[in-house]
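S.K.: Structure below; questions to follow.
Since every read-out is calculated from the coordinates, none of them should be taken as a lab result. This is a predicted model, so every value here is computed, not measured. Cβ placement follows ideal geometry from the backbone for every residue including glycine, while neighbour counts extend to all protein chains displayed.
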Amino acid sequence: RVRLLVHSLGYRYRLHVRSLPGSPDLVFPGRRCVILVHGCFWHQHHCPSGNRQPKSRIAFWKAKLESNVRRDVKQNRALRRLGWRVLTIWECELQLKRIDTLTRKIIRFLGP
């Protein structure tokens, strides 16, 4: 959904550039911008979906999810140090009722 929206706005991008930390989802080389699309549960967003906790293997999942969050912080820092601007789009922002807000957020981030 994000790729379709960004493309419909007239922006062109590259996918999963492996030479960048974390292989960002969408890369805009000329603008030195990247967009990361995160699942709320897997990256522990502060929304109802992200606040869910597994009911089994609790210790394993707690460690796994905390590791994901630490990795995200590390990769964002590395990207910024290399001079890239980073925008994270959360899964919950992709709901149709929020698409106008997301569109404005992307346009503000990427510019004209």
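S.K.: Kirkwood Rh, Cα Rg: Rg to Rh for the chain?
M.R.: 1.00
S.K.: If you don't mind, there's one more thing I want to ask. Amide H neighbours of L36 under 5 Å, counting only residues 5+ apart in sequence or on other chains, H built in-plane at 1.01 Å?
M.R.: Long-range HN contacts for L36: L87, T88, I89.
S.K.: Might you report the magnitude of the Cβ-based charge dipole of the stretch 27-100 about its Cα centre, with Lys and Arg at +1 and Asp and Glu at -1, to the nearest 20 debye?
M.R.: 320
S.K.: What angle do you read, to the nearest 10 degrees and between 0 and 90, between the alpha-carbon axis of helix 58-81 and the longest principal axis of the chain?
M.R.: 30
S.K.: Can you give me the distance in nm between label points at W42 and R80, each placed 7 Å from the Cα along the Cα-to-Cβ direction?
M.R.: Roughly 2.3 nm, to one decimal.
S.K.: For a paramagnetic label modelled at 7 Å from the Cα of T103 toward its Cβ, which residues of the stretch 7-22 fall within the zone defined by backbone nitrogen distances under 13 Å?
M.R.: Backbone N within reach: 7-10.
S.K.: If you don't mind, there's one more thing I want to ask. Run through the DSSP bridge list for the chain and note the antiparallel percent, rounded to the nearest 5. If you can, show how the numbers build up before the last one.
M.R.: Numbers: 5 of 11 bridges.
Of all bridge pairs located within the chain, approximately 45 percent are antiparallel.
S.K.: Here's a follow-up. Report the calculated FRET efficiency for C92 and R32 (r = Cβ-Cβ distance, R0 = 25 Å), to the nearest 0.05.
M.R.: Here the calculated transfer efficiency is 0.40.
S.K.: Mind listing which trypsin sites (Lys or Arg not before Pro) in the stretch 10-45 are in a DSSP loop and have 16 or fewer other Cβ atoms within 10 Å?
M.R.: Here the sparse-neighbourhood loop sites are R12, R18, R32.
S.K.: Further, regarding this structure: Just report the Cα centroid separation between the stretch 1-67 and the stretch 96-112, whole Å.
M.R.: For the stretch 1-67 versus the stretch 96-112, the Cα centre distance is 16 Å.
S.K.: Per DSSP H run of n ≥ 4, the term is -39500 (n - 2.57); total these for the chain, divide by its residue number, and report the mean residue ellipticity at 222 nm rounded to 500 deg cm²/dmol.
M.R.: -12500 deg cm²/dmol
S.K.: Looking at H46, H16, C92, which one has the Cα that reaches farthest to the positive end of the dipole of the chain (charges on Cβ: Lys, Arg +1; Asp, Glu -1)?
M.R.: H16
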